[in-house]
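Taking it in order: structure first as structure tokens, then the write-up.
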Amino acid sequence: MAERVPTQVLEALLRAVPEAALVLGSDFRLIAANPAVTSLLPALRTGELLVRGLRSPDILEAITHAFASRKPQKVQWRERVPLERLFDVYIAPIEVAGLPGMLMLTLRDVSEMRRGERMRVDFVANVSHELRTPLTSVLGFVETLQGPARNDPVARDRFLSIMGEQARRMSRLVDDLLSLSRIEQSAHLQPPTIVDLSSIAGHVVDTLAPMADENETQIVLHAEKPVMVRGDRDELVRVAENLIENAIKYGASEKPIEVAVSLRDRDAILIVRDHGAGIAPEHLPRLTERFYRVDVGESRAKGGTGLGLAIVKHILARHRGRLTVESSFGQGATFSAILPLPDAQGQKS
Ligand SMILES: Nc1ncnc2c1ncn2[C@@H]1O[C@H](COP(=O)(O)OP(=O)(O)OP(=O)(O)O)[C@@H](O)[C@H]1O
Ligand SMILES: [Mg+2]
């Protein structure tokens, strides 16, 4: 009878493999496995048949094929419980003269990669869709101006102003996309400067007061003391702008919008609270997704691209902070941007 490789040697080798990896004998029984296999397939035991821990006809067929053909095989395996996950399974015969046939099976989790691919595809589809509407409208007006409205100065002025508005919308979308990708690129770099969140909030409230006026609402600010945080001033201005602008656009009411900067435990918090229509609970978890809007028509009519809160979320993540939203339909909405205080940051990371 042929000798075997000591199991400890195989186990030591498998421990060096980053993915879940195991070695199987030609009798389909498990010879050795690494800890990643144990946590992925807890029912699998050394010396027992592979099917006891991994029930997949595709994998079994590929193993049979690998032993018969002595060629590596690759199949996919979808695990449904406890989480839906997708694995690339590589099956490679191990042939050593004088040793019985074995094969090595590795399982690589490709679920994240797949999700990433899907997100990229959705993203491109969303961007194209957002650009198509204003582009179609601009092209339509160009044709009208070249043809039927060629000598109609009144129509020309009106069409040109609509075209200008559509072009500005496209340019805003491109600007927002560029800043999103810039922020994502610097996600791992913490901002080097210390800035005053109260003065940022004050500055943004001042700049947006005329917009609040137009929407027949007011903004009141509670930010008496300086609140210093580690941050990029321009980026934090964007956070405040997006949140306050949203409150004006979607939450205007007779009661003023409240903006406050305060301290809680080791955090600085910028709170923007409105008393408008609020947001139904099913929308809350999705608000920070790119292009997500509760009412697409309303947001577009107000010049929105649906990227505002996605930008806010990314900026806060870069600042090691987070965004929380509390709202119930008809009761207004409270958005809180939470940032760790400079001295607490060192202890947290
Ligand atoms: N204070 C609020 N009250 C009610 N709904 C809100 C509020 N803030 C945001 N929303 C909803 O969340 C959606 C997403 O907001 P977000 O800021 O990401 O995009 P937007 O305002 O539509 O566009 P942009 O910010 O790019 O101009 C909005 O379209 C709106 O439906
Ligand atoms: Mg917005």
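None of ALA317, ALA310 is within 15 Å of ligand 2 (Cβ to nearest atom), of a type in the set (Gly, Ala, Ser) and farther than 22 Å from GLU216 by Cβ except ALA310.
Taking only segment 165-203 into account, find how many residues are assigned to a helix (DSSP H, G or I), hydrophobic (A, V, I, L, M, F, W, C) and surrounded by 15 or more Cβ atoms within 10 Å (Cβ to Cβ).
Step one: filter segment 165-203 for residues assigned to a helix (DSSP H, G or I), giving 165-185, 197-203.
Still in the running and hydrophobic (A, V, I, L, M, F, W, C): 167, 170, 173-174, 177-178, 180, 183, 197, 200-201.
This time we only want the ones that are surrounded by 15 or more Cβ atoms within 10 Å (Cβ to Cβ), so: 170, 173, 177, 180, 183, 197, 200-201.
Adding up the residues that qualify gives 8.
Across segment 180-199, a minimum of one residue is classified as farther than 21 Å from HIS275 by Cβ, touching a helix residue (DSSP H, G or I) at 6+ places or on another chain (Cβ under 8 Å), among the small types (Gly, Ala, Ser) and in contact (Cβ under 8 Å) with a residue 24 or more places away in the chain.
Just to be sure, is TYR250 among the aromatic types (Phe, Trp, Tyr) and touching a residue at least 40 places away in the same chain (Cβ under 8 Å)? Answer is yes for this residue. Condition check: surrounded by 19 or more Cβ atoms within 10 Å (Cβ to Cβ), at pLDDT below 95 and within 25 Å of SER179 (Cβ to Cβ). Does ARG293 satisfy that? Judged against the criteria, ARG293 is a match. Scanning segment 338-347 finds no residues that are on the phi < 0 side of the Ramachandran plot and within 13 Å of ligand 2 (Cβ to nearest atom). One residue is enough: does segment 296-303 have a residue meeting the conditions without any contact (Cβ under 8 Å) to a residue 12 or more places away in the chain, surrounded by fewer than 14 Cβ atoms within 10 Å (Cβ to Cβ) and not aliphatic (A, V, I, L, M)? Within segment 296-303, one or more residues are without any contact (Cβ under 8 Å) to a residue 12 or more places away in the chain, surrounded by fewer than 14 Cβ atoms within 10 Å (Cβ to Cβ) and not aliphatic (A, V, I, L, M). Scanning segment 273-283 for residues that are within 15 Å of ligand 2 (Cβ to nearest atom) and over 24 Å from GLU216 (Cα atoms) gives a single hit, HIS283. Looking across segment 204-257, the residues that are touching a helix residue (DSSP H, G or I) at 6+ places or on another chain (Cβ under 9 Å), of a type in the set (Ser, Thr, Tyr) and either under 18 Å from SER299 (Cβ atoms) or surrounded by 15 or more Cβ atoms within 10 Å (Cβ to Cβ) (or both) come down to THR217, TYR250.
The values are calculated or read from the model by the stated rules, or taken from the named source; none is laboratory data. Since the structure is predicted, the reported quantities are computational estimates derived from the model, not experimental observations. Here the Cβ is made from the backbone with ideal geometry for all residues, glycine too, and neighbour counts use every protein chain on show.
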